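Okay, so here's the structure we're looking at.
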Amino acid sequence: MTEQQKLTLGRVWRLGAESLRQAGVEEADADAELLLLYVLGMSKTALLRDWHDPWPEDKSAQWQEALERKKQGEPVQYIVGEQYFYGRAFAVNEAVLIPRPETELLAEAVLQEVDRLWNGSAGGLRTLKGGTEMWSNASPDSPVVLDVGTGSGTLAVTLAAERPSWQLFALDLSEAALLVAKHNADVHEVSSRITFVQGDLLGPFVGEGSNYPAIDVLVSNPPYIPSSDIDGLQREVRDHEPHLALDGGDDGLNPYRIMAQQLGELATLPRIVAFEVGAGQAEDVAELLRSVTNWGEIRFVKDYAGIDRHVIAVR
């Protein structure tokens with residue numbers, strides 16, 4: 001019996017994790033486990049159950065390829081082709097940003113805020129240009145929601161899946177990203193309630209020629225990394241994730257400045273604007289929103305590290 005035949009699933013995981021660790025991979029144990037589950041096509045529960053089973057030789061080439069890709073700095077999510085968000089698996093590739101856990105808090109905040117504002121109301125109060133107020137024709141439980149910079153579609157798909165009566169628009173400048181988002185919408189069976197739009201920030205919704213409906217809720221996780229900080233990012237992010245989804249200009253605030261200006265050009269203002277922001281940017285983004293109108297409330301939502309990560313403006 002050869003040494004290779006004596007290998008168990010558990011021993012292969014340990015050897016793989018050590019190999020990644022020696023290559024400087026920070027989360028070697030967790031990444032090795034994810035790669036092993038991917039190569040074997042099994043769940044973590046099944047892996048633990050079969051921990052002492054023999055290693056299947058026919059998986060060796062795929063396993064070594066996955067380890068080498070990880071050693072070169074490729075994010076494990078791109079290698080396995082998916083990342084979980086709000087309890088659902090989303091396909092990802094290098095055309096889209098990898099969903100982060102803190103963005104789940106943005107989805108949660110939007111769900112809670114819409115439920116609070118729309119519960120029992122006859123429609124959404126909007127402000128027209130010039131300050132005139134009117135009620136929208138939106139039904140109490142059917143707001144129109146626009147996700148700007150949808151990427152893999154995590155926010156739009158999650159909101160559509162969690163609230164089947166909502167009408168969603170998912171916008172991105174990248175055609176390749178929209179293809180990923182459409183795939184995820186199909187997988188989670190919400191594509192019939194999401195309209196995908198290619199464009200730059202709010203551009204397609206601004207102007208007299210726009211054929212899109214008024215927006216009740218604007219949610220966005222735009223690029224917010226200052227340009228000068230890109231080179232200093234972790235190599236997995238810097239070398240593999242799309243810079244279009246990372247670079248927010250000189251101070252990281254360019255997308256917010258543009259969207260604040262575009263909000264002022266809309267025929268009616270949303271009732272809710274919810275942005276994810278970079279560390280230290282929350283108050284600056286809030287000030288940009290205050291320049292548009294007098295919001296009834298602007299609050300911050302902290303992420304798991306205690307950083308003000310989301311700005312929620314409500315009318």
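Answer yes or no as to whether ALA260 is outside any loop (DSSP other than H, G, I, E, B), among the small types (Gly, Ala, Ser), surrounded by 17 or more Cβ atoms within 10 Å (Cβ to Cβ) and in the same structural domain as LEU155 (by TED's automatic domain parsing). Reasoning before the result, please.
Values: outside any loop (DSSP other than H, G, I, E, B): yes; among the small types (Gly, Ala, Ser): yes; surrounded by 17 or more Cβ atoms within 10 Å (Cβ to Cβ): yes; in the same structural domain as LEU155 (by TED's automatic domain parsing): yes.
Against the criterion (outside any loop (DSSP other than H, G, I, E, B), among the small types (Gly, Ala, Ser), surrounded by 17 or more Cβ atoms within 10 Å (Cβ to Cβ) and in the same structural domain as LEU155 (by TED's automatic domain parsing)), ALA260 qualifies.
Which count do you get for residues in region 38-56 that are assigned to a helix (DSSP H, G or I), under 20 Å from TYR84 (Cα atoms) and without any contact (Cβ under 8 Å) to a residue 40 or more places away in the chain?
6
Checking the conditions here, which among VAL285, VAL219, VAL292 is assigned by TED's automatic domain parsing to the domain that holds LEU155, surrounded by 18 or more Cβ atoms within 10 Å (Cβ to Cβ), under 24 Å from LEU168 (Cβ atoms) and under 17 Å from the mean Cα position of the chain (by Cα)?
Values: VAL285 fails: under 17 Å from the mean Cα position of the chain (by Cα); VAL292 fails: under 17 Å from the mean Cα position of the chain (by Cα).
Checking each option against the conditions leaves just VAL219.
Could you tell me whether any residue of region 26-36 is more than 18 Å from the chain's Cα centre (by Cα), over 30 Å from ASN221 (Cβ atoms) and either surrounded by fewer than 16 Cβ atoms within 10 Å (Cβ to Cβ) or of a type in the set (A, V, I, L, M, F, W, C) (or both)? Steps first, please.
Of region 26-36, the ones more than 18 Å from the chain's Cα centre (by Cα) are 26-36.
Next, only the ones that are over 30 Å from ASN221 (Cβ atoms) stay: 36.
This time we only want the ones that are either surrounded by fewer than 16 Cβ atoms within 10 Å (Cβ to Cβ) or of a type in the set (A, V, I, L, M, F, W, C) (or both), so: 36.
Yes - at least one qualifying residue is present in region 26-36.
Would you confirm whether or not region 269-281 contains a residue that is modelled with pLDDT of 90 or more, out of contact with any Ser or Thr (no Cβ under 9 Å at 6 or more places or on another chain) and over 28 Å from GLU27 (Cβ atoms)?
Within region 269-281, one or more residues are modelled with pLDDT of 90 or more, out of contact with any Ser or Thr (no Cβ under 9 Å at 6 or more places or on another chain) and over 28 Å from GLU27 (Cβ atoms).
Among the residues that make up region 248-266, is at least one of them without any contact (Cβ under 8 Å) to a residue 60 or more places away in the chain and among the hydroxyl-bearing types (Ser, Thr, Tyr)?
For region 248-266, residues without any contact (Cβ under 8 Å) to a residue 60 or more places away in the chain and among the hydroxyl-bearing types (Ser, Thr, Tyr): present.
Surrounded by fewer than 13 Cβ atoms within 10 Å (Cβ to Cβ) and small (Gly, Ala, Ser), is that true of SER43?
It is true that SER43 is surrounded by fewer than 13 Cβ atoms within 10 Å (Cβ to Cβ) and small (Gly, Ala, Ser).
Within region 159-173, does at least one residue satisfy the condition of being modelled with pLDDT of 95 or more, farther than 20 Å from VAL187 by Cα and out of contact with any Leu (no Cβ under 6 Å at 6 or more places or on another chain)?
Yes, because at least one residue in region 159-173 is modelled with pLDDT of 95 or more, farther than 20 Å from VAL187 by Cα and out of contact with any Leu (no Cβ under 6 Å at 6 or more places or on another chain).
The values are calculated or read from the model by the stated rules, or taken from the named source; none is laboratory data. Since this is a predicted model, take the numbers as computed values, not measurements. With ideal geometry, Cβ positions are generated from the backbone for all residues, glycine too; neighbour counts draw on all protein chains shown.
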